[in-house]
1. Run down TYR290, TYR310, TYR282, TYR303 and say which single residue is surrounded by fewer than 23 Cβ atoms within 10 Å (Cβ to Cβ) and either under 25 Å from the mean Cα position of the chain (by Cα) or among the aromatic types (Phe, Trp, Tyr) (or both).
2. Among the residues that make up region 516-527, is at least one of them among the charged types (D, E, K, R), buried (at least 22 other Cβ atoms within 10 Å of the Cβ) and within 22 Å of MET589 (Cβ to Cβ)?
3. Which number in (1) under 30 Å from THR363 (Cβ atoms); (2) at pLDDT below 90 marks the one condition that GLU139 misses?
4. In region 118-129, is there at least one residue being of a type in the set (Gly, Ala, Ser), more than 18 Å from the chain's Cα centre (by Cα), farther than 16 Å from TRP619 by Cβ and assigned by TED's automatic domain parsing to the domain that holds ASP300?
5. Is there a residue being within 30 Å of VAL472 (Cα to Cα) and crowded, with 20+ Cβ neighbours inside 10 Å anywhere in region 559-573?
6. Answer with yes or no whether GLY596 is buried (at least 24 other Cβ atoms within 10 Å of the Cβ) and not in a loop (DSSP other than H, G, I, E, B).
7. Under 7 Å between Cβ atoms, which residue pairs at least 6 apart in sequence (or on different chains) link something in region 66-79 that is crowded, with 16+ Cβ neighbours inside 10 Å with a partner that is hydroxyl-bearing (Ser, Thr, Tyr)?
8. I need every pair where a residue in region 453-472 that is closer than 12 Å to LEU388 by Cα and at pLDDT 95 or above has its Cβ under 6 Å from the Cβ of a residue that is of a type in the set (D, E, K, R) and assigned to a helix (DSSP H, G or I), sequence separation at least 6 or different chains.
Amino acid sequence: MSKKILWMVVSCLMALSLVMAACAPAATPATPATPATPATPATPATPATPAPPVSQPPQKEAAAPGKPSPKYGGTLNVFRASDPTAGWDPTKAQAIRVAHMMYTSNELMGGDWKKGPQGTGQTSWELGFIGDSTLEGPELADSWELPDSKTIIYHIHKGARFQNKPPANGREVTAQDVVWNMEMQFNYPTAWQASQYPSAKNAEVTGQVLPGGDPRRPTSFKALDKYTVEVKVPADSQGIMFLEIGDNAYTNPPEVWVGPNAPGMQKWQNVIGSGAFVLTNYVPGSVIQYSRNPDYFEEDPLYPGNKWPYINGVKELIIPDLSTRQAAFRTGKLDKLDGQTPEDGKQLLKQQPKLQYVQRSSTSPLILSGRQDKPNLPFKDIRVRQALNMAVDKEVYLKSYLQGEGALLGYPYPKNKAWEKYYTPLEEMPKTPQLPGSIATVPELFKYDPDRAKQLLKEAGYPNGFKAKVQVQNVQANVDQLSIIKDYLGKIGVDLTIVPMEPGAWSPMDAGRAHEEMIYGGATGVWAPHEQLPTKASSYSNKGMFNDPYYDKVGMVIAGDIVKNPDNFIKTLKAEGVYELESAWGLWMPIGFTYGLWWPWVENYYGINWTGWANTVDWYKGIWLNTELKKSMGY
């Protein structure tokens, strides 16, 4: 089997094409509704006329001794694996899936830049705020209030402007613009929030019911004046709605869609927002190009007076092939490359010793789980699920298959700095079983004990084991790893039949949770524990198909305390992690490391890759390029 192929798959499974990076100092390893309308195929673009030289704002603050000196200029070259798949229009898909939104538009809030590795180091910005609302900071909104349990008020930044192109032509962003966008995103039939969060329509009026039986509850948006937005929400969802509205929804000029001559946003040429970068060119299969917005309103909070962004622009080179990406990076055509296997990462460092890098645990584990909702299947019994975990020698797998490049415990929270507030080491787990019907503690689930596994199966009514069908995506690495698990489980009488599926059949089956018995696939939502994606009964990511009231109680704490009592929220999520592991809804395998690498001319970076809730490129505005160093290195 090929571990290199396995790691290619692990890298591809990362959510939103995100890849892991870290926040250690340079060159030092870190411690670890209706379906969306298909996008209209883009018309091949005519190469854009070269833009005139960008004038650089003056640097207002000299760097203190030992403090990096900001630099303006240069273009950041990164890759994307494919052309945009969700189109250009945020009314047709979840905004964060629309290729340009994080470049061209603003959320009300974002990750507080002062608290990342560039500032106090309170977070590594590995995968965003990970539910910790204390890490949120201002963006399009300067401040906010929660005056009572049903009200949220956002104060819009005065002087923020839409980009200077039709139809907005540089006009100021107002509270009414925000209201229009929120109403659209939370009510428009094809917009993502409309199917996931409380609607502005009331069940008493419409009689509508959300999937799962919950009546639609009223949420309303109102502009109190030119710069103040008032939101009314159900009291039991104020915290999560505050964050969803503030840091997972974008504002664009309504006139793009409103009016008889509204151009819409089906074409890339019509994309416009208030963000740090302007979309200037798209050549399908080749490149998406963004230029610095010269009128952008945000300043660097660590260097007051310095206007963001520092770089002149970003080129996203469309490179589907991994080896081609690596060659482009090795020759300086890409400035950074994330999500590399240990084998590939070390090889690149050997070839280019001056590269900077970080190493940390992957956050896209593959998990084997069985349906708990079918009474004829054995997985409803916790003893069966715990037996499956005890039957696999996880330490041998870590040492032999992963060659030590990984961690024994990697789910639901990896041993990375960003998750340290939630993470509980195995040695600190409870010493006695905590769950009803539980026989084993969490540490015992990571200890190889096939004899005890057989005994548990016997006690559960399966003295001779059982047969089970496992559906898996037909990728060689997935099938290889599952084959190792199959061999171990066979020794306790559990006979797995592996059913590989081609991507075209796998994707709808996986999304619809239509597997017959067992499924082997990627866990979703490690970056968003506050969304409870793998454990909510109605969530598409709940592959075990279980309905445990415990998670409903946790959800109530999340909704009420994520903003108002973050300490209790974090305490609750930490306890939930232990509960989830002991419940053994999945077979918990060791998780491997990934490498993130970048050239030394990318400064003020520290290996971050995600700020706030869902801002995978928003931080580009805060880094800079040392173009003189790049030139001196021959690139």
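1. Criteria check complete, one pass: TYR303.
2. no
3. (2)
4. Looking for residues that are of a type in the set (Gly, Ala, Ser), more than 18 Å from the chain's Cα centre (by Cα), farther than 16 Å from TRP619 by Cβ and assigned by TED's automatic domain parsing to the domain that holds ASP300, one finds none in region 118-129, hence no.
5. yes
6. Spelling it out, GLY596 is indeed buried (at least 24 other Cβ atoms within 10 Å of the Cβ) and not in a loop (DSSP other than H, G, I, E, B).
7. Once the first residue is crowded, with 16+ Cβ neighbours inside 10 Å and sits in region 66-79, its partners that are hydroxyl-bearing (Ser, Thr, Tyr) give PRO70/TYR303; PRO70/TYR310; LYS71/TYR310; TYR72/TYR310; GLY73/THR627; GLY74/THR627; LEU76/TYR620.
8. What qualifies is LEU456/ARG383.
The values are calculated or read from the model by the stated rules, or taken from the named source; none is laboratory data. All values reported here derive from a predicted model rather than from experimental measurement. All Cβ positions, glycine included, derive from the backbone under ideal geometry; neighbour counts span all protein chains shown.
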